[in-house]
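Please read the structure below before turning to the comments.
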Amino acid sequence: MTIEEYLDDVAPDKKEAFAKLMHVVDANIPAGFEKEIQYGMPSYVVPKSRYPDGYHCDSNLSLPFFAIAAQKQHIAVYHMGIFGDEALLQWFQAEYPKHMTTKLNMGKGCIRFTNPKKIPYELIGELASKVTVDDWIRQYETTIKK
């Protein structure tokens, strides 16, 4: 599947919000990350040319960092670094109420938006911009890769 095919398959009620979210991430993610389909969703990864070891769960895959998905019940943002970096998590949790009136719906590294009309695009763009490729590799190697 390509990213274009993924976008074509997004439900009509989520399509505009999803496209805008992808555009915001594209505009803010630091240089060096590449966009590809990984685990069936648009993902921003550290390419194998930069990190040849790949992902410890499957060394054939590029190192995942950030992904977005249009699920049946919500649009999800997956940020691999947010659950391994307590300061980044605390920053995000403190900033969220400044941008939204709804309660934060979040798992370890998954942020869910059940209403496609209520997505804090500016905040997600800022979140996407906060970790460089070098920062992510360093964090991955010290806190996640075992």
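Here, each number is a calculation from the coordinates, and none is a lab measurement. Every value quoted in this text rests on a predicted model; they were computed, and no experiment measured them. A quick note on method: Cβ atoms are made from the backbone with ideal geometry, for glycine too, and the neighbour counts reach across all protein chains shown.
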Only residues that are touching a strand residue (DSSP E or B) at 6+ places or on another chain (Cβ under 6 Å) and not aliphatic (A, V, I, L, M): list them for segment 117-146, please.
136
Take residue 119 and decide whether it is under 25 Å from residue 11 (Cα atoms), in a strand (DSSP E or B) and touching a Phe, Trp or Tyr at 6+ places or on another chain (Cβ under 9 Å).
no
Only one of (1) assigned to a helix (DSSP H, G or I); (2) touching a residue at least 12 places away in the same chain (Cβ under 8 Å) is not met by residue 51, so which one is it?
(1)
Just the residues that are of a type in the set (A, V, I, L, M) and either under 21 Å from residue 20 (Cα atoms) or free of Cβ contacts under 8 Å to residues at least 12 places away in the same chain (or both), please, taken from segment 84-119.
87, 89, 94, 100, 104, 106, 111, 119
Say we look at segment 19-47 and pick out the residues that are over 12 Å from the mean Cα position of the chain (by Cα) and part of a helix (DSSP H, G or I); which of these is surrounded by the fewest Cβ atoms within 10 Å (Cβ to Cβ)?
27
